[in-house]
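Written out below as structure tokens is the structure these notes cover.
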């Protein structure tokens, strides 16, 4: 598999790159960003995946996430995929809404038309992209961690819960924890996966835990001034599910913080430090 | 003087705001961003001014500058003004070029038409805005520092050289050090100040030092892969002027770094730490 270098820029002692490739999962070109800190020649480094939220591309966290200093300090590669297929011929929300379609792939493989051909973000982030980065970058896939924001927090939690051996640590910023129970998720899963709600449970962190999936521990930050807190995020549902399952959850309601990158960047270094403890032990 | 709050968001323990006000200097509305870290009630905090480069508004450094963590750690207020007047009726470069006119005020008070009415960024950043922020925010104007990028590095150096008692420390990222000797500067100063080059010297850091202006010390970072290094920045001219004047200059040519916020953000915390040593001593 070949990749095209869109840009590579020195930053915080390492190289912040943006790359593009033809994706077999989505049938489109896909772009992602990847930061490689300074390292010994020949070394392979642990990796932190960051799945982005609604409307984002790789660029939002790359520009505003403030992760490079901490990744440089701890020697961690940071990868940020896009959030959906894009390009001519890729279907979008009929009304052009920002919560479905382009920028809103929800990290599922769609089974419904017209989405099934391109909207295969589950396969993309769990299979194709890991293979691609392992081929082209000095990543150590034995040492992976994952995090994400909002829709991407949903992605991080569901990918990790369904692959419990893959990630040494899992965290999220303001995640959608129960898409099957909130408007954003009901719209997306209903369109991508169809009206039968049973298959939705494989893409719903709370349902996965209820159905027996387990992780050693979770770190979740959410701002208590997040405008989506009550309607879309509902962290109390994750709290209840983890309590019921005896799963360790550190859920921090951050006072006065909202849903933006001003919130994410505030706690990014803290999450990276926590992942580093697991990745470098 | 009244100001309008455009937005205030919690970040890194403090509040990142964006504000707008009717400027008497420029005859337009002007926006600026200002970060106030967490502090004791009633305390007045030292302030770091950041003047931005060509094409920028306050937003670029606010989103990509990675200054909040360090300002929170050291208790420093960070202020980022806009780079020019904007709005209907404000004249722009005849060809719409990005190196003159909107986004390119060059921190001078224009004397030439049609620029003189609105392009008064010198008065704005040296007089009007300091007065405004002192009225509305807990700044301690006895403890000020200044920095800037590119055109804003030019602004920081010239403002400081002409007001040597105002700032406890002065730094710059990839500054235009001798606008009178480079294409960007010749175009801007020629249009704003007219063809007579004598008045240009008051807005040229190298000329100011040659003409006797002094600062205790300067910290300057510039990437040696900066595409504007040789043609527009010419840090060797500052080096020579400081050597001739016996002025302490720490000029660091950062290997492989370019002109972007990936460069600035890499060294931002370092500059803030250095300013903090002067502001908090």
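The values are calculated or read from the model by the stated rules, or taken from the named source; none is laboratory data. A quick note: this is a predicted structure, and the numbers were derived from the prediction, not measured. With ideal geometry, Cβ positions are generated from the backbone for all residues, glycine too; neighbour counts draw on all protein chains shown.
At a glance:
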read-out	value
Residue A:86 being farther than 24 Å from residue B:16 by Cβ, over 16 Å from the mean Cα position of the chain (by Cα), modelled with pLDDT of 95 or more and not in a loop (DSSP other than H, G, I, E, B)	no
Residue B:43 more than 14 Å from chain A (Cβ to nearest Cβ) and part of a strand (DSSP E or B)	no
Any hit, segment A:206-222, residues being closer than 30 Å to residue B:63 by Cβ, within 14 Å of another protein chain (Cβ to nearest Cβ) and at pLDDT 95 or above	yes
Matching residues, segment B:224-281, being under 17 Å from the mean Cα position of the chain (by Cα) and not in a helix (DSSP H, G or I)	B:259, B:260
Sole residue being within 14 Å of chain A (Cβ to nearest Cβ), touching a helix residue (DSSP H, G or I) at 6+ places or on another chain (Cβ under 9 Å) and on the phi > 0 side of the Ramachandran plot, chosen from B:66, B:38, B:73	B:66
Matching residues, segment B:36-60, being closer than 19 Å to residue B:124 by Cα and buried (at least 19 other Cβ atoms within 10 Å of the Cβ)	B:47, B:48, B:49, B:50, B:51, B:52, B:53, B:54, B:56, B:57, B:58
Filter result for the condition that a residue is without any contact (Cβ under 8 Å) to a residue 12 or more places away in the chain, within 14 Å of chain B (Cβ to nearest Cβ) and over 25 Å from residue A:180 (Cβ atoms), over A:260, A:265	A:260
Qualifying residue in segment B:111-119 (condition: surrounded by fewer than 22 Cβ atoms within 10 Å (Cβ to Cβ) and touching a strand residue (DSSP E or B) at 6+ places or on another chain (Cβ under 9 Å))	yes
Qualifying position, being in contact with a strand residue (DSSP E or B) (Cβ under 6 Å, 6 or more places away or on another chain) and in a strand (DSSP E or B), among B:141, B:218	B:218
Qualifying residue in segment A:26-33 (condition: more than 14 Å from every other protein chain (Cβ to nearest Cβ) and either closer than 28 Å to residue B:254 by Cβ or modelled with pLDDT under 95 (or both))	yes
Check on residue A:224, over 18 Å from residue A:154 (Cβ atoms) and surrounded by fewer than 16 Cβ atoms within 10 Å (Cβ to Cβ)	yes
Qualifying residue in segment B:240-248 (condition: surrounded by fewer than 20 Cβ atoms within 10 Å (Cβ to Cβ) and either closer than 15 Å to residue B:171 by Cβ or within 14 Å of chain A (Cβ to nearest Cβ) (or both))	yes
Matching residues in segment A:68-90 - criterion: being out of contact with any strand residue (DSSP E or B) (no Cβ under 6 Å at 6 or more places or on another chain), surrounded by 17 or more Cβ atoms within 10 Å (Cβ to Cβ) and farther than 23 Å from residue A:153 by Cβ	A:90
Any hit, segment B:205-213, residues being outside any strand (DSSP E or B), within 17 Å of the chain's Cα centre (by Cα) and under 17 Å from residue B:54 (Cβ atoms)	yes
Count - residues of segment B:7-25 that are part of a strand (DSSP E or B), within 14 Å of another protein chain (Cβ to nearest Cβ) and in contact (Cβ under 8 Å) with a residue 12 or more places away in the chain	6
Enumeration of residues in segment A:181-204 that are under 18 Å from the mean Cα position of the chain (by Cα) and under 23 Å from residue A:253 (Cβ atoms)	A:184, A:185, A:204
